[in-house]
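This structure is in structure tokens; I'll ask about it shortly.
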Amino acid sequence: MAKTMEKRATVPSTAILHLHDREWVYTPLGNGRFRRLEVAAGNMLPGNLQEVVSGIKPGEQFVLNALVFQNTVEQ
């Protein structure tokens, strides 16, 4: 049985916001607007990186520190 290699997004662990038993990242919409997307986080990787199983694709943009961004937005 052949294994298929699957490309997954990898983000800094700080890019994932853990809120209400769910995981989120913020992605830019343009014109200074952002969208919060639910993701399924996967394995922790070396270098404080985390795999994203679903929700964003490799190459998509995201906010590097979701918690700081969330706190800034709420002020």
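Given the criterion of a type outside the set (A, V, I, L, M) and without any contact (Cβ under 8 Å) to a residue 24 or more places away in the chain, identify the matching residue among 14, 27, 10, 72.
72
A follow-up question, please. Which ones in the stretch 5-27 are open to solvent by 30 Å² or more (accessible area, probe 1.4 Å), over 18 Å from residue 74 (Cβ atoms) and touching a Lys or Arg at 6+ places or on another chain (Cβ under 9 Å)?
Across the stretch 5-27, the qualifying residues are 7, 8.
Next question. Suppose we filter the stretch 50-75 for residues that are under 13 Å from the mean Cα position of the chain (by Cα), closer than 14 Å to residue 13 by Cβ and surrounded by fewer than 14 Cβ atoms within 10 Å (Cβ to Cβ); how many remain?
1
Considering only strands (runs of 3 or more DSSP E) fully contained in the chain, which possess at least 2 residues that are in contact with a Phe, Trp or Tyr (Cβ under 6 Å, 6 or more places away or on another chain) and on the phi < 0 side of the Ramachandran plot?
Per the criteria, 22-30, 33-45.
If the Cβ limit is 8 Å and pairs must be 6+ apart or interchain, which residue in the stretch 36-50 that is free of Cβ contacts under 8 Å to residues at least 24 places away in the same chain pairs with which residue that is open to solvent by 70 Å² or more (accessible area, probe 1.4 Å)?
38/22
The values are calculated or read from the model by the stated rules, or taken from the named source; none is laboratory data. These figures come from a predicted structure and were not determined experimentally. Positions of Cβ are generated from backbone atoms using ideal geometry, with glycine treated the same way; all protein chains shown enter the neighbour counts. Note: areas computed on protein heavy atoms with side chains; ligands, DNA, RNA excluded. Shrake-Rupley method; radii C 1.70, N 1.55, O 1.52, S 1.80 Å.
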